[in-house]
1. I need the full set of residues from the range 58-102 which are within 15 Å of the chain's Cα centre (by Cα), more than 20 Å from residue 48 (Cα to Cα) and either open to solvent by 20 Å² or more (accessible area, probe 1.4 Å) or without any contact (Cβ under 8 Å) to a residue 24 or more places away in the chain (or both), in order please.
2. Output the qualifying pairs, or none if there are none: Cβ atoms under 8 angstrom, residues six or more apart or on different chains, first residue in the range 175-190 and farther than 12 Å from residue 119 by Cβ and in contact (Cβ under 8 Å) with a residue 24 or more places away in the chain, second residue open to solvent by 20 Å² or more (accessible area, probe 1.4 Å) and of a type in the set (Lys, Arg).
3. Test each condition in (1) assigned to a helix (DSSP H, G or I); (2) open to solvent by 40 Å² or more (accessible area, probe 1.4 Å) for residue 21 and report the one that comes out false.
Amino acid sequence: MKTIDLVVPCYNEEEGLEHFVEETNKVIDTLPEYYFRYILINDGSKDKTYLVMKRLAARFDNIKYISFSRNFGKEAAMYAGLQHCDADYVVVMDADLQHPPAVFPQMLEAMNEGYDCCATKRDEREGESFFRGAFSKLFFRLSNRMTDVKNPYGAMDYRMMTRQMVDSILELGEVQRFSKGIFSWVGFNTKWITFKTVDRELGKSSWKFSSLFKYAIDGITCFSVTPLRFTAVMGAIIFFLSLIYIIVTLIQTLFFGIQTPGYVTTLCAVLFLGGLTEMSIGILGEYIGRIYMESKDRPIYITKFSNFEDEDNEEK
């Protein structure tokens, strides 16, 4: 019997976590040839998510949980779950049922075909604002063009992976993590399947546009130095344009006399160069900040409570 670990990051999922387990169990019951285990990660929730996890762990033997000392982010939660996996296959999914467990049979079919990973991408989401949808499409286009990692539009973290692929992911111990890029960077044969997303039934999403924008910046800067090259190219272009302007001005001065420069021209030049300088400093700051955070060598997460410790003590 093959084993499957379900890595489920949770943040303020008090209302829907029990419903998620019950709905997922309905799908698991249709796959008796596989043994499923839950690994629930409480990412410093402000509600009673941890207590719900404890109650579920007491109710079901196949539920393990990890509770962080504070909120470290979804990326850290996924990494913690992957670290505690030992199954043949590992699934990364959310607890809001927007990653439907009904897709498990399709994923297993892909794995039986010889793929190392079965990943999901979503269709157009109903009710999504035009601005948010356009921003998402722009991100995928820029990311695929500027980085070495390629993901189709709508790619999600929801996927099933082999043990070998998970071990490869765990070798990348960087603090500033972008899992979509990491999943692609490690390689392995991946089959993409599409499903229709639905609105979450219980609880509220913790993702705001500002969080998505930061996530997009992380996705590009973690796997590309193109923004740095862009500033270098812009600097070179402005230098040559300025050199041409200086030569033209000298010729005009020598042959036609000194002309009083226009106020508008001077103002535009100052504002343009000042804005470009600030943007360049900002891009450099993003990369220097990442170097600074990595150099501290801090742990990706800190565990406060876990029933994995109980299992280790029983083995001892």
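1. 75, 79 - these are the residues of the range 58-102 that are within 15 Å of the chain's Cα centre (by Cα), more than 20 Å from residue 48 (Cα to Cα) and either open to solvent by 20 Å² or more (accessible area, probe 1.4 Å) or without any contact (Cβ under 8 Å) to a residue 24 or more places away in the chain (or both).
2. As it stands, the answer is 175/296; 175/298; 176/290, since those pairs meet every condition given.
3. For residue 21, the exception is condition (2).
Per-residue answers, yes or no, for (1) of a type in the set (D, E, K, R); (2) touching a strand residue (DSSP E or B) at 6+ places or on another chain (Cβ under 6 Å); (3) in a helix (DSSP H, G or I); (4) at pLDDT below 90:
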| site | (1), (2), (3), (4) |
| --- | --- |
| 5 | yes, yes, no, no |
| 14 | yes, no, no, yes |
| 44 | no, yes, no, yes |
| 47 | yes, no, no, yes |
| 51 | no, no, yes, no |
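The values are calculated or read from the model by the stated rules, or taken from the named source; none is laboratory data. Treat the numbers as computed from the prediction; the structure is a model and nothing was measured. A quick note on method: Cβ atoms are made from the backbone with ideal geometry, for glycine too, and the neighbour counts reach across all protein chains shown. Note: accessible area is taken over every heavy atom of the protein model, side chains too, but ligands, DNA and RNA are not part of it. Shrake-Rupley method; radii C 1.70, N 1.55, O 1.52, S 1.80 Å.
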